[in-house]
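Participant: Before I ask anything, here is the structure I am working with.
No lab work stands behind these numbers, since they all come straight from the coordinates. Since we're looking at a predicted model, the values are computed, not measured. Methodologically, a virtual Cβ is constructed for each residue, glycine included, from the backbone with ideal geometry; neighbour enumeration extends over all protein chains shown.
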Amino acid sequence: MNFPMFHLDWLNDRFLIAMIAILHVFINHGLAVGFIPYITRLEQQGVSRSASNQITDLEWDAMVHKMMKVGFIITTTLGAMTGVGIWLSVSIVSPASISSLIRVFYWAWFTEWLVFVTEVVLILIYFLTWKNSNKTLKSKLLHIRFGWFLSIFSWITMAIIVSILSFMMDPGNWNTHHSLLNGYTNPIYLPQLCFRTPTAMLVAGVFGYLLTTIFTKKNTLIRERAVKQSAIWVLCWAPLSLAGAIVYYRVLPQAMLDNLSTAVGTLQFAQYYETLKYFIIGAISTVLVIGLFGYFNPKKVRLGMVLIPCLFAFGFLGIFERVREFIRKPYVIAGYMYSNLLRVEDYPLYKRDGILKYATYNSTPVITETNKVEAGRNVFILACSRCHTTQGINSIVGVFENMYGAGKPFDESSIAVFTKNMHNGRTFMPEFPGNDKELAALAAYIKHLQQTGDVIEGAQNEGVTINPLQSSDAVVQLMADQEKAAADSAAKTNSAASK
Ligand code: HEC
């Protein structure tokens with residue numbers, strides 16, 4: 001309402017955030033949170049298994065260093081860029097929600113920033129001093145200790161952010177008493193952390209496993225040892241990840257579970273949810289299979305065999321993130337703000353007076369016969385554009401054509417009736433926020449979109465129009481009117497008194 005709407009009409013705004021965020025989670029979980037302890041453990045094994053006259057097993061150490069190089073390059077480039085990218089994308093697509101979150105979690109985010117900077121410093125130290133630390137046993141042991149510190153700091157950054165993610169799913173007591181502590185200790189927090197921690201370890205382990213088959217040669221002792229160690233890591237974390245998944249699943253409220261089938265498969269494939277579910281479980285089981293195979297038969301493991309489970313593990317993490325983002329709908333912050341960025345408590349006002357009146361960036365505060373389509377467009381931007389495009393991904397024309405038949409001319413009144421009730425049948429959508437006039441304008445606009453194939457430009461291309469009711473001229477006029485009214489009534493009382 002108070003921010004101009006950024007809009008990507010072909011890609012869908014949600015998609016922009018999702019792409020960047022999922023890539024970031026891949027890197028954060030698979031190459032930092034889980035990967036650093038995995039690497040540090042391998043580095044430590046180099047020392048503990050070396051001959052007594054050596055500081056470390058140099059061949060082994062060189063292999064682990066190469067693996068860390070991959071982690072280092074990716075986390076400090078793509079990882080850092082996508083981290084900033086999340087901020088950029090959420091603050092332009094969803095400014096109202098991020099500005100609420102930052103007020104609740106101000107100190108958490110501030111701490112996160114300090115921890116993150118420490119993490120960056122530690123990763124630089126850890127990677128760049130690796131070779132030098134091989135000179136004495138003392139410095140090698142210190143180096144390994146840095147690895148464990150780095151592991152802890154990487155985990156803490158995740159532990160802070162997970163609280164915010166789970167807060168958005170269920171703020172718990174915070175909805176009745178707004179405080180950081182209530183927000184932080186929300187009911188989904190610990191269960192989600194219980195799931196993410198071992199899952200990060202597992203995904204990183206499978207990725208490391210893949211790297212061992214790249215950085216060692218077939219039929220060598222070092223390959224056999226590295227594969228076996230990775231297999232042990234994977235086998236240890238897999239059951240914990242599964243247990244975490246169960247704990248997490250059990251705290252999800254029923255409304256979220258009801259959204260699962262659409263979250264996993266979209267509406268079109270929701271009826272295949274059961275099949276998809278078993279497919280995902282089957283795919284993830286390949287991780288367990290390659291773990292067992294690597295443990296009992298490390299000599300036979302080849303790159304191609306690990307590649308598939310590795311892709312499945314990352315794929316699973318991606319699906320998990322999409323599902324998490326989806327199931328909290330129709331809210332962006334449960335019980336407090338809907339995904340269209342309107343606050344729950346403001347709804348009665350909007351339904352009475354309409355949303356157009358209160359939107360700061362809007363050319364049509366009052367609907368007339370001549371501006372109906374333009375007003376409908378403004379309603380669409382405010383009420384639907386966070387999730388629907390006009391003609392792109394999840395387009396509004398497309399979803400109505402799916403219901404009424406492709407190419408069949410839309411009937412405005414059916415669209416209005418559906419939209420008025422959409423939150424009942426499709427619980428992932430917020431209730432239509434405006435009044436009946438706005439509903440009719442929206443329907444006229446959707447019909448216009450179908451007829452003309454028109455698309456919508458976001459504020460980033462089109463610029464903004466300030467609501468004439470909220471322009472500075474209107475405010476000056478309002479103040480002048482009020483002053484005049486006050487002066488008139490004072491004059492009246494004066495003349496009454498003098499009589
Ligand atoms: C919170 C995000 C969100 C908002 C806001 C939203 N929608 Fe949706 N809508 C969805 C999703 C997700 C789907 C399902 C898409 C799929 O899986 O195919 C959907 C589906 C639909 C469908 C198809 C329903 C069916 O049963 O096939 C219609 C029609 C629709 N939306 C209209 C609207 C209108 C009109 C608005 C604005 C007043 C709106 N939506 C606002 C997310 C949203």
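Participant: Just to be sure I understand, how many residues within region 409-426 are within 11 Å of the ligand (Cβ to nearest atom), touching a Lys or Arg at 6+ places or on another chain (Cβ under 8 Å) and touching a residue at least 40 places away in the same chain (Cβ under 8 Å)?
Facilitator: Adding up the residues that qualify gives 1.
Residues are listed down the side, and each one gets a yes or a no for (1) surrounded by 14 or more Cβ atoms within 10 Å (Cβ to Cβ); (2) more than 16 Å from the ligand (Cβ to nearest atom); (3) among the small types (Gly, Ala, Ser):
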| residue | (1), (2), (3) |
| --- | --- |
| Gln268 | no, no, no |
| Tyr273 | yes, no, no |
| Tyr278 | no, yes, no |
| Ser285 | no, yes, yes |
| Asn297 | no, yes, no |
| Phe316 | yes, yes, no |
| Arg324 | yes, no, no |
| Ile327 | yes, no, no |
| Val332 | yes, no, no |
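Participant: Tally the residues that are without any contact (Cβ under 8 Å) to a residue 12 or more places away in the chain and either within 16 Å of the ligand (Cβ to nearest atom) or aliphatic (A, V, I, L, M) (or both), restricting the search to region 244-266. First the steps, then the outcome.
Facilitator: We begin by selecting, within region 244-266, every residue without any contact (Cβ under 8 Å) to a residue 12 or more places away in the chain; these are 246, 249, 254, 265-266.
Keeping just the survivors that are either within 16 Å of the ligand (Cβ to nearest atom) or aliphatic (A, V, I, L, M) (or both) gives 246, 265-266.
Count: 3.
Participant: Is it true that some residue in region 26-49 is away from the ligand (no atom under 16 Å from the Cβ), buried (at least 21 other Cβ atoms within 10 Å of the Cβ) and of a type in the set (Asp, Glu)?
Facilitator: Taking every residue of region 26-49 in turn, at least one turns out to be away from the ligand (no atom under 16 Å from the Cβ), buried (at least 21 other Cβ atoms within 10 Å of the Cβ) and of a type in the set (Asp, Glu).
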